[in-house]
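Below is one structure, written out as structure tokens; the observations come after it.
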């Protein structure tokens, strides 16, 4: 097996079979799997985002600065929380508590 880092991305509309392909790929070949829908679901359910699930190291302050500066993120969050971002209460913790 090659040790050369690789990135494979599956993209397509809902129902096109991306998740089906993921399910048949052996875990040892899959590597790190990132699905934005699953990230959102987990974040909403647990209230935190654990970057170690994705082999990423990031400081809470870096992530929150990025989220607060992203017009896409802020627009998305404003759907449910018009007062976000509140400086005294972050959107979510980045680690399990």
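The values are calculated or read from the model by the stated rules, or taken from the named source; none is laboratory data. Note that the coordinates shown come from a computational prediction; the quantities given were computed from them, not determined experimentally. Backbone-built Cβ (ideal geometry, glycine too); neighbour counts: all protein chains shown.
When 22, 41 are checked against the criterion of being in a helix (DSSP H, G or I), in contact with a helix residue (DSSP H, G or I) (Cβ under 8 Å, 6 or more places away or on another chain) and at pLDDT 80 or above, a single residue qualifies: 22. Restricting attention to region 47-66, the residues being part of a helix (DSSP H, G or I), touching a residue at least 12 places away in the same chain (Cβ under 8 Å) and farther than 21 Å from residue 11 by Cβ number 4.
Using the structure shown, decide if residue 39 is farther than 28 Å from residue 67 by Cα and surrounded by 12 or more Cβ atoms within 10 Å (Cβ to Cβ). Judged against the criteria, residue 39 is not a match.
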